[in-house]
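Below is one structure; the comments refer to it alone.
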Amino acid sequence: MTGNATFLHRNTALLSVTSIEAPVVVTSAEFDDRLGGALKRLRLSRKLLERVAGIRERRWWAPGTAFDDAAIEAGAKALASAGIEPGQVGLLINTSVTRINLEPSVAVKIHHGLGLPSSAMNFDVANACLGFVNGISLAANMIDAGQIQYAVIVNGEDAQATQEATIARLNGPDATRADFNREFATLTLGSGAAAAVLGPADAHPGSHRIVGGVSRAGSEHHELCVGGVDGMYTDHGGLLKGGLELVVDAWSEAHENGWDWRSMDRYVTHQVSTIHTDAIIDAVGLDKSRVPMTFPTWGNVGPASLPMTLAMESQTLNAGDRVLCMGVGSGLNTAMLEIAW
């Protein structure tokens, strides 16, 4: 099968990547307590989230903190870390799945909150959990083309309302084991925020060059994971099978086009669960010691998962290290992006 695209970037670098952890720790044991009656009635065991998904806890925002305020904080932190002034930014891309309104875009509030100039374009890129990687690629294309100099990619996610609604629904007298299985993935979500600043590599010696990568779509699987404000409904088996096939196809296509990713220094994957991570490691033969895992304590923070994990790993990466970002999003879509640290 012919894939979507393999691509190279000529002159774009990652200048900074930052994250904001939501402060309220919510353990899976707490979810078990809140679902205690339903678990007993449906004859389901406690600790399923820990035993099956490997998630011990996740984070929620403190009362009064909005997800887009957290994205603004992450963006400001990334700009300061990169040493770039707001007036230098030519593009802001928000990649959040979370949104309160259909319009205007989430990006407009973040653009205003960061004090970006009127000349800075701003918009949302919504592609489920793959959005942040897509945002980096899109911004890199515009920097390579000379259309802009600097871009900020941001993401903020808030899982609380969706999880509260799901717990209430599963505690209802009509909830079935099938309902629990379909909505199990909602309980694995977490809240957090991340941001990255990109700019021209030739103007920033010693920065982390965005090398390029591969993308591939499997849109025949568009009904396997469907989420909304009130909940997320997932075909776990179908999603795992379809996602693995897509990743393996993209990996093979990249290899055929000259990419050799068999001995990277770090593989930063989208954080879902133990089962999904181990399956990808086995499918393409990754060195597990080079695959950091943050989902046990953060949960699946949607598009923020990958950049949050990259921000954490950045503290231990050395100049010259090769990093492969591996994202998969509902739909299904996948992308792999190499960064030369």
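The values are calculated or read from the model by the stated rules, or taken from the named source; none is laboratory data. Nothing here was measured: the structure is a model prediction, and the numbers come from that model. Don't worry about glycine lacking a Cβ; one is built from the backbone with ideal geometry, like all the others, and counts go over all protein chains shown. Surface areas here come from the heavy atoms of the whole protein model, side chains and all, with no ligands, DNA or RNA. Shrake-Rupley method; radii C 1.70, N 1.55, O 1.52, S 1.80 Å.
What the chain shows is 42 Å² of accessible area per residue, with the surface traced by a 1.4 Å probe over protein heavy atoms.
What does the charge count around Ser191 come to, taking other residues whose C-beta lies under 10 Å from its C-beta (Lys +1, Arg +1, Asp -1, Glu -1)?
After counting each charged neighbour, the total is -1.
Look at the dipole of the chain built from charges on Cβ: of Ala128, Leu138, Asn181, the Cα furthest out on the positive end belongs to Asn181. The ellipsoid that matches the Cα gyration tensor of the chain has semi-axes, each √(5λ) in whole angstrom, of 32, 24, 17, with the longest given first.
Here the accessible area of the chain is 52 percent carbon and sulfur, with a 1.4 angstrom probe and all protein chains present.
Provide, in order from the shortest bin, the percent of all Cα-Cα pairs of the range 1-68 in each 10 Å bin, continuing until the bin that contains the maximum pair distance. Per 10 Å bin, starting at 0, the Cα pair percentages come out as 15, 26, 20, 21, 15, 3. Comparing Asp158, Asp249, Asp33 in a Gaussian network model of the chain where C-alpha atoms under 10 Å apart are linked, the largest mean-square fluctuation is found at Asp33. The dipole here belongs to the chain: it is taken about the Cα centre, uses +1 on the Cβ of Lys and Arg and -1 on the Cβ of Asp and Glu, and is about 660 debye.
Using only alpha-carbon positions in the range 111-237, the gyration tensor eigenvalues give semi-axes of 38, 18, 12 Å once each is multiplied by 5 and square-rooted (largest first). Simple spin-label estimate for Glu21 and Arg290 gives 2.7 nm between the two label positions (7 Å along the Cα-to-Cβ direction from each Cα). The trypsin sites (Lys or Arg not before Pro) of the range 218-279 that DSSP puts in a loop, and whose beta carbon has at most 11 other beta carbons within 10 Å, are Arg262. GNM remark for the chain: springs join alpha carbons under 10 Å apart, and the peak mean-square fluctuation among Ala38, Ala178, Ala70 falls on Ala178. Each Lys and Arg adds +1 at its Cβ and each Asp and Glu adds -1 at its Cβ; summed about the Cα centre, the range 34-187 shows a dipole of about 1140 debye.
Helices assigned as whole DSSP H runs in the chain whose Cα atoms extend at least 27 Å along their own long axis and whose mean Kyte-Doolittle hydropathy is 1.6 or higher are not found. Dividing the convex hull volume of the alpha-carbon atoms in the range 218-333 by its residue count gives 107 Å³ per residue.
Values of log10 I(q)/I(0) for the range 64-123 across q = 0.23, 0.28 Å⁻¹ run -0.94, -1.28, by the Debye formula with one identical scatterer at each alpha carbon and no solvent. In terms of its Cα atoms, the range 23-168 spans 60, 30, 29 Å along the principal axes, sorted from long to short. On the beta carbon distance between Asp230 and Met121, with R0 = 35 Å, the FRET formula returns roughly 0.60.
D for the range 235-282, whole µm²/s, Stokes-Einstein with Kirkwood Rh over alpha-carbon pairs at 10 °C and 1.306 mPa s: what number? Taking Rh from Cα pairs, D becomes 134 µm²/s. The sum of -39500 (n - 2.57) across all DSSP H runs of n ≥ 4, divided by the residue count of the chain, sets its helix-only mean residue ellipticity at 222 nm to -10000 deg cm²/dmol.
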